[in-house]
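Undergrad: Next up is a structure, given as structure tokens.
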Amino acid sequence: MFMLCSCIAAKDIKKKLTHIFIKNSHHDFTDSDYITFDESGFITRIKVKIPLLFRDEYGRICIPQYGDEYDQYSLLNLIEFFAQNVKDISERWNNERYRNYQTIDCYDS
């Protein structure tokens, strides 16, 4: 249980959903457009699709503590959501020297 929630909270796992949660961004200094992971879109979609998932007082997905009541089927729904939607990505810096921002390329795998 702890490992599952820790993995979901990890940004590298969520970034593999970028093809669904696309946030278009612009870097003013380099005058370049790029895509990033839309964290707020992810949170909103998960709240709608899995409303009984255990959350803290701020509405963030969190790990239940001993004695907390939670819906175990919600965790299974979350695992299923990731299993059906995760895709391979590649991240790279826009410039190896200056590293202003990272671009994410999504693959169909």
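Undergrad: In the stretch 63-109, what residues are aliphatic (A, V, I, L, M) and open to solvent by less than 50 Å² (accessible area, probe 1.4 Å)?
TA: Answer for the stretch 63-109, where residues must be aliphatic (A, V, I, L, M) and open to solvent by less than 50 Å² (accessible area, probe 1.4 Å): Ile63, Leu75, Leu78, Ile89, Ile104.
Undergrad: Take the residues in the stretch 64-105 that are modelled with pLDDT of 80 or more and of a type in the set (Val, Ile, Thr); name whichever of them is farthest from Arg45 (Cα to Cα).
TA: If we take residues in the stretch 64-105 being modelled with pLDDT of 80 or more and of a type in the set (Val, Ile, Thr), then Ile89 is farthest from Arg45 (Cα to Cα).
Undergrad: Still on this model: Inspect all residues belonging to the stretch 41-62 and state whether any of them is within 15 Å of Asp12 (Cα to Cα), basic (Lys, Arg) and surrounded by 13 or more Cβ atoms within 10 Å (Cβ to Cβ).
TA: No, the stretch 41-62 contains no residue that is within 15 Å of Asp12 (Cα to Cα), basic (Lys, Arg) and surrounded by 13 or more Cβ atoms within 10 Å (Cβ to Cβ).
Undergrad: Mind listing whichever residues of the stretch 11-40 are hydrophobic (A, V, I, L, M, F, W, C), farther than 15 Å from Asn85 by Cβ and open to solvent by 50 Å² or more (accessible area, probe 1.4 Å)?
TA: Within the stretch 11-40, just Phe29 meets the criteria.
Undergrad: Conditions first: (1) modelled with pLDDT under 85; (2) open to solvent by less than 70 Å² (accessible area, probe 1.4 Å). Phe2 passes all but one, so which condition is the exception?
TA: Among (1) modelled with pLDDT under 85; (2) open to solvent by less than 70 Å² (accessible area, probe 1.4 Å), Phe2 violates only (2).
Undergrad: Also, quick follow-up: Kindly list the number of the only condition in (1) part of a loop (DSSP other than H, G, I, E, B); (2) in contact with a helix residue (DSSP H, G or I) (Cβ under 8 Å, 6 or more places away or on another chain); (3) polar (S, T, N, Q) that fails for Asn77.
TA: Against the list (1) part of a loop (DSSP other than H, G, I, E, B); (2) in contact with a helix residue (DSSP H, G or I) (Cβ under 8 Å, 6 or more places away or on another chain); (3) polar (S, T, N, Q), Asn77 comes up short only on (1).
Undergrad: Follow-up. Based on this model, can you work out whether Leu53 counts as within 17 Å of the chain's Cα centre (by Cα) and assigned to a loop (DSSP other than H, G, I, E, B)?
TA: Criteria met by Leu53.
Undergrad: Any idea which of Ile89, Ile79, Ile61 is of a type in the set (A, V, I, L, M, F, W, C) and farther than 18 Å from Thr18 by Cα?
TA: On inspection, the qualifying residue turns out to be Ile61.
The values are calculated or read from the model by the stated rules, or taken from the named source; none is laboratory data. In this text, all values refer to a predicted model and were calculated from it rather than measured experimentally. So basically every Cβ, Gly included, is an ideal-geometry build from the backbone, and we count neighbours across all protein chains shown. Each accessible area value is taken on the protein alone, full model and side chains, heavy atoms only, with ligands, DNA and RNA left out. Shrake-Rupley method; radii C 1.70, N 1.55, O 1.52, S 1.80 Å.
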